[in-house]
Structures are given as structure tokens and as C-alpha cells.
Amino acid sequence: MPTLTIRAYAKLNLYLEVLGRRSDGFHRLETVFQSIALHDDIDLVHDRSGPPGIVMSCDDATIPVDASNLAWRAAAAFIAGREPSAGRLSMTLRKNIPHGAGLGGGSSDAAAVLRALDQVFPGWHDAASLQRMAATLGSDVPFFLVGGTALGEERGEVLTALPDIPPTAVTVLMPPARLPTPAVFAALTDSERGPRPGHAAGWWPQQIISGTWSSLLFNRLADPATRLCPAVGALLSHLRQCGLPYLMSGSGAACFVLGHCDPPPGVTAWHTSTITRTRASMSA
Ligand code: C5P
């Protein structure tokens, strides 16, 4: 049986502003997503005549390999109602992207499974229904179906492609701490739940074209994350000394620097780079 290997790329949020809280409890966002080369790998084996079901394994024993894993849920959503025709799906997840990091590892794995199954079962779902399926799995899963550079609005699932950022060297740094996304949003103060005067996301297309986008880096969640997790504050203080543009990604705890930077003690670093929509969308 052939194995399909697919890459699940991590993302950074180059910009993240909170515009308010919605009646469903989610926050309205204006965020700029950027794919990076750091990635997980997923091997998918489809046994058409095997006993129907989804089986999963992972090289990281701390990651669940059942229905509590978003990648497993993505496979279940894709085959829902057609399980007997889907046969046996075996997925092996090789993790490189840390979790609790704000790098979208679990969401990217889920989107990669949807893309892989779209190749295995062409025509089962059209692009619009895949996007809807992705949005039910998580707010940033739809971004990972397309990748590259994109503006995310509402929960982050309403996407507009932005011009590709030219390949840029990035150091991703992970402090010895993990942050659960709901806790970080819940730690926003009332005044942090609204945009700064003159917030700048609308300028991104022009700033990317003119090459001055790095001056727009901003993350509204950095202050609540720092209050919850002093290790994030310590890492951001260290990065301030480096003299390069830096930011926390998503809801943390990972931070990034545009350029090369050595990590302080206890912090893990990956030297990687930004990638475009085309590379993010393709299979390994
Ligand atoms: O959509 P996702 O499952 O990734 O969201 C995880 C949690 O993060 C939500 O349950 C919510 O607490 C918080 N969140 C939010 N506003 C968003 C995205 C996530 O409040 N736009």
C-alpha cells in the first residue's frame, strides 16, 4: 500500500489585534498569518479493503492519538457518512512543531490531513466545504489549507491572501513553558479587548510591497501571555536586547526574531524561514 507523506507547516502571527469579544465568546481578530518552513510530517496509508476505521500513532508520547487529537478529528470529519467506503486510514505523525506555542502545530496537522484525504478521495468535498470543515475544527485551521501570507478576520477563519513576503530568515524560540490559548484570551483586560487607535492591519499590502512590513509587528496577546507566564516576559526582554524585529506568535509561548539570534539558556531555537503559499500547499 502506498504511503502519502504530507508536510504540515507552522505559522507565525506577524500581527494580531483583538477587535472585541463576540456573543459566542470568541474574539474578533485582525491577524496576519505567515507560513514558515518548520514543519511536522504525516504519513498516511489508505487500506481500501482493511477494516474501516482511523488509527493514529505519533513519535511524541505526550500527544494523544485518539479523537482528542485535531488531526484524528479532521480525518473523521472528512469521511463522515462514508466510513465503509473509506476503508482503513493509518496516520503516523512525526512532530517537530512544539505545542502550546502559538505556532499552530495541531491546526496545521489537521489541515494537512484534510489536504491528504482530498488527494486520496478526490471530489468527496469541494474547496468551499473543505474550508467550512476546517473552520469547525479550529479558528486557524482554514489558514493552513492555503498557507503563505494571509490576513485573518473574525475568529481568524475569514481569509484574504496578502502579497507573499520575500523569503526571510527567522529564529523561532520556545521558552520552557506552554500556554493554552483559551487562558490567554481569558486574561485580556477590558481595555485590551479593543483595537489601539490607528491600528495598522489595513496597511499590510502596501507595506509588504514596499518592504517595510517588519515595522508593523504587533501582538495584542503578548501582555496577557506575559502576565500568565513570566518565562515569556523574560524571553521578550532578552530579545529586546538583540536589536532585531521580534514578537510573540499567536497566543504564545513561542516568540520569533526576524534574523539569526542565539537563544538564552533554557530556550529551544529553530533557525527557519518564511515560505510562500505555493510551497505551503504542496505535498512533501
Ligand atoms: O478555535 P480554536 O479551537 O483554536 O480556539 C481555542 C480557544 O481560543 C477558544 O475556545 C477561545 O477560548 C479562544 N479563541 C478566542 N477567539 C478567537 C480564537 C480563539 O477567544 N478568535
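Odds and ends about this structure:
- Lys, Arg +1 and Asp, Glu -1 on Cβ, resulting dipole of the chain about Cα centre, debye, nearest 20: 180 debye
- 0 to 90° range, to nearest 10: angle between helix 230-242 axis and the chain longest Cα axis: 60 degrees
- Full extension of the chain between Asp262 and Ala234 yields a length gain of 8.6 nm, computed as 0.36 nm times the residue separation minus the alpha carbon distance.
- Folded to 0 to 90 degrees: helix 127-137 orientation relative to the chain principal axis, Cα: 70 degrees
- Placing +1 on the Cβ of every Lys and Arg and -1 on the Cβ of every Asp and Glu, with nothing else charged, gives segment 191-284 a dipole about its Cα centre of roughly 220 debye.
- Contour minus Cα-Cα distance for Ala128 and Thr212 (0.36 nm per residue): 26.9 nm
Since every read-out is calculated from the coordinates, none of them should be taken as a lab result. Computed from a predicted structure; not experimentally measured. Methodologically, a virtual Cβ is constructed for each residue, glycine included, from the backbone with ideal geometry; neighbour enumeration extends over all protein chains shown.
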